[in-house]
Amino acid sequence: MKRRHFLKHLGLAASLPWLARGALAASDAPQKPTAAAHKILSCNIRVDLPEDGKAGNGWADRKALCAEVMRAQKADLICLQECQDVHLQDLKRRLPEFDSFALANPEAVFHPANAILFSRARYELISAGGFWLSEAPHVAGSKSWDSGRSRFANWVHLNERNSGKQFRVWNTHLDHIGHEAREKGASLIVQACAAFPKDFAQLLTGDMNAGVTHPAIKNFKAGGWLDTYTAVNGPEDPGFTFHGFKGAQSAGKTTTGEVRTKIDWIFCRGAVKPLAAAIVRDGRNDRYPSDHYFVSAEVKLL
């Protein structure tokens, strides 16, 4: 698809009916003091599967811990992957100071897969939307190349209430099977973000199912995206972020013997300065909020 046609259709997805239902309820919960830093989390929270429940890792067993870990991070922005309606509704009740936006594939069951939560006190929502990672990005539920399932990216355009600074947050989950789908999906996201001036502040989070050497990650970097973790901590790989509910006991290798690496990312672009970045390895009694570690970053809008 030619760039002008792709950009023309980007706005269409924002009006589709498959959106996260309703804003979060108001709350008297204490807010993080307004400061220069904006803290963001990227959290693959794992779909709710019967086999996980049998092992004590079902959502019913994890939801309180998941919200507790998120709240302890005192984040302003929380980007979720593998989110289902049950996850979003539970997290709304436990984190009522956040509003949310999400797209979902047009399926019988509503799954707001890439929900973005943002502090109601700190930010005003200007607009929101998204597109599908396919050769027909404006067609909901579409997939292309070797993708195992339909994938998409969604975004929120926010205004910081105190400073009046505007920025955009993107959230995605690249395919878990198709290498070509990951590479080309990343290229579509790069193309969409390039519609903004180079100095416009943007953040990109996601489970990319790709380590630093994968073409998808190379595409992001070539498109002007900076990895916040590397910018703060240097180029040494921090180790795996997918651990299969095993935490530090994970072998850190795939079934074929490949060394696992960081596949969950927070990138920035434009007038953004990374201040801190970390892998969140919090758990309790050898239980974890997900089969992925969450990742965090603190950034300053310039």
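Which of V109, V232, V259 has the fewest other C-beta atoms within 10 Å, and how do the rest follow up to the most? Mind showing how you got there, number by number?
On the way: V109 8, V232 15, V259 12.
The fewest-first ordering by Cβ neighbours comes to V109, V259, V232.
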* Would you grab the residues whose amide H sits under 5 Å from the one on L275? Only those 5+ places off in sequence or on another chain, please, with H modelled 1.01 Å from N. => E298, V299, K300
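Trypsin sites (Lys or Arg not before Pro) within region 109-207: which are DSSP loop residues with at most 11 other Cβ atoms inside 10 Å?
K198
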* Structure fact -> Applied in sequence order to region 146-151, the curve 6.51 cos²θ - 1.76 cosθ + 1.60 (Karplus, θ = phi - 60°) yields integer Hz couplings, x standing for Gly and Pro, of 9, 5, x, 7, 5, 10
* Structure fact -> Placing each pseudo-label 7 Å from Cα in the direction of the beta carbon, K54 and L275 end up separated by a distance in nanometres of 4.7
* Which one of H176, P112, N285 is farthest out on the positive end of the charge dipole of the chain, using unit charges on Cβ (Lys, Arg +1; Asp, Glu -1) and the Cα centre as origin? -> P112
* What list of ³J(HN,Hα) values in whole Hz, one per residue of region 232-242 in order, does the Karplus curve 6.51 cos²θ - 1.76 cosθ + 1.60 (θ = phi - 60°) give from phi, with Gly and Pro shown as x? -> 8, 9, x, x, 5, 5, x, x, 5, 10, 8
* Structure fact -> Amide H proximity to Q81 below 5 Å, modelled H, separation 5+ or other chain, gives C43, N44, I45
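For the residues S42, S147, what sequence is obtained by ranking on other C-beta atoms within 10 Å, fewest first?
The order, fewest Cβ neighbours first, is S147, S42.
Taking other Cβ within 10 Å of each residue's Cβ, how do D146, D286, D90 sort, fewest first?
On the way: D146 13, D286 10, D90 18.
With the sparsest Cβ surroundings first, the list reads D286, D146, D90.
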* Read phi for every residue in region 123-135 and hand back ³J(HN,Hα) as whole Hz from Karplus 6.51 cos²θ - 1.76 cosθ + 1.60, θ = phi - 60°, with x for Gly and Pro. => 10, 10, 7, 8, 7, 7, x, x, 7, 8, 8, 7, 6
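Any read-out appearing in this document is the output of simple, stated calculations on the displayed coordinates, not a laboratory observation. This one's a predicted model, so the numbers in the text were calculated from it and none came from an experiment. As a convention, Cβ positions derive from the backbone with ideal geometry for all residues, glycine included, and neighbour counts pool all protein chains shown.
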